[in-house]
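Working notes, structure below.
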Amino acid sequence: MANSSEIVDLDAISLAEAKLAGKIIRTPVLDVRQSGLEEKLPHASTVTMKLELFQKAGSFKARGAYLSIDALSEDQRKSGVVAASGGNHGLAVSWAARAAGVSAKIAIPRTADPFRIEACENLRADVVLCDDIAAAFAAMEEIETQENRIKIHPFEGISMTLGAATCAKEFFEDANDLDAVILPVGGGGLISGMSAAFKLLNPEITVYGVEPFGADALYRSLQAGMPQSIDKVDTIADSLGSPTALPYSFGLAQKYVDEVVRVRDDDLREAMTLMSQTLKLMPEPACAASLAGALGPLREQCEGQRVGLLACGSNIGLERFRALTAR
């Protein structure tokens, strides 16, 4: 695992950034001092949020998905790609594949937000509905074998990691005085790349991850010192609902992440509501995870610090947003 992390260096990140130039959006950074929100943040802190929810395909996943498609050979492009997703990765792969003229098949839980399923279909992907996220991963593996499609894993691999790293590099360039960053955690692709980039750019920065209690595979993996799986994913944050941690992304997280904390679904609902009321955004649960961490388990650690938060994406329909925040 240590050896695999060595290929994520500043040269590799800069090369990935050059490949993405003009293909994605350099998302804005916001000074979080809005009335109704500032007083709830850690005492005497200054907070900056990168609004990656404005990215192509609605999330940071567009970065890694584009790099994954870009790396395919001509023969692989003809074979097409397959991905498993709770929604955001599927949307990103659908977007990147369509832009490149590549066939895409997406395995997605039938319980996913209808907005996400429809969006994948609108991007001309072939959607395969599955019972849950574990079944979607199994379907991805089966389709890869049976149809000879190229698998684009949602978080395990160099392209997804480097894509996330470019997001961190932008954040650092626009807010280079941060003491700490708080990042959402799903399978580990986002935090593996962003933590590596932040630590390479500033070894003194503290990197925190935030996972839901009902999908805490990386938390458990770091506690155990090796990748772990969980029996059941049970969280409203479907974009963070990975049932397992995997060696490559885990190795980077183990090397670069200082601490992973967990939040309840109600914490995510509270942060979603706050972001809607004060920032006029409509975040999905995963998008609110960084703020939930700052308001809850990381509040004391972040007092008096300059803190960066990531609004990682927001592919959510109005009906689901209202249903989740009604409580």
*asked:* Whether any residue in region 144-159 is of a type in the set (Phe, Trp, Tyr), outside any helix (DSSP H, G or I) and touching a residue at least 24 places away in the same chain (Cβ under 8 Å) is what I want to check.
replied: yes
_Test set (1) out of contact with any helix residue (DSSP H, G or I) (no Cβ under 8 Å at 6 or more places or on another chain); (2) in contact (Cβ under 8 Å) with a residue 24 or more places away in the chain - ARG26 fails condition number_ = (1)
*Which residue out of GLY188, GLY163 is surrounded by 24 or more Cβ atoms within 10 Å (Cβ to Cβ), of a type outside the set (Val, Ile, Thr) and within 19 Å of ALA97 (Cβ to Cβ)?*
GLY163
*Looking at region 83-114, which of its residues are within 18 Å of the chain's Cα centre (by Cα) and assigned to a helix (DSSP H, G or I)?*
ASN88, HIS89, GLY90, LEU91, ALA92, VAL93, SER94, TRP95, ALA96
*So which residues in region 222-234 are small (Gly, Ala, Ser) and closer than 24 Å to THR206 by Cβ?*
ALA224, GLY225
*Given region 235-327, what helices (runs of 4 or more DSSP H) lie entirely inside it while holding 2 or more residues that are touching a residue at least 40 places away in the same chain (Cβ under 8 Å) and under 18 Å from THR206 (Cα atoms)?*
247-256, 289-295
*ASP238: out of contact with any strand residue (DSSP E or B) (no Cβ under 8 Å at 6 or more places or on another chain) and either β-branched (Val, Ile, Thr) or under 23 Å from GLY86 (Cα atoms) (or both), yes or no?*
no
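Listed here are the residues, each with its yes/no results for (1) of a type in the set (Val, Ile, Thr); (2) at pLDDT 95 or above.
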{"site": "ASP265", "(1), (2)": "no, yes"}
{"site": "THR278", "(1), (2)": "yes, yes"}
{"site": "ALA286", "(1), (2)": "no, yes"}
{"site": "ALA289", "(1), (2)": "no, yes"}
{"site": "PRO297", "(1), (2)": "no, yes"}
{"site": "VAL307", "(1), (2)": "yes, yes"}
{"site": "LEU324", "(1), (2)": "no, yes"}
{"site": "ARG327", "(1), (2)": "no, no"}
_Qualifying position, being within 18 Å of ASN88 (Cβ to Cβ), modelled with pLDDT of 95 or more and in a helix (DSSP H, G or I), among ALA196, ALA165_ = ALA165
*Select from region 31-46 the residues that are surrounded by 14 or more Cβ atoms within 10 Å (Cβ to Cβ) and either in a loop (DSSP other than H, G, I, E, B) or in contact with a Lys or Arg (Cβ under 8 Å, 6 or more places away or on another chain) (or both) and list them in ascending order.*
VAL32, GLN34, LEU37, LEU41, PRO42, SER45, THR46
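The values are calculated or read from the model by the stated rules, or taken from the named source; none is laboratory data. Since we're looking at a predicted model, the values are computed, not measured. With ideal geometry, Cβ positions are generated from the backbone for all residues, glycine too; neighbour counts draw on all protein chains shown.
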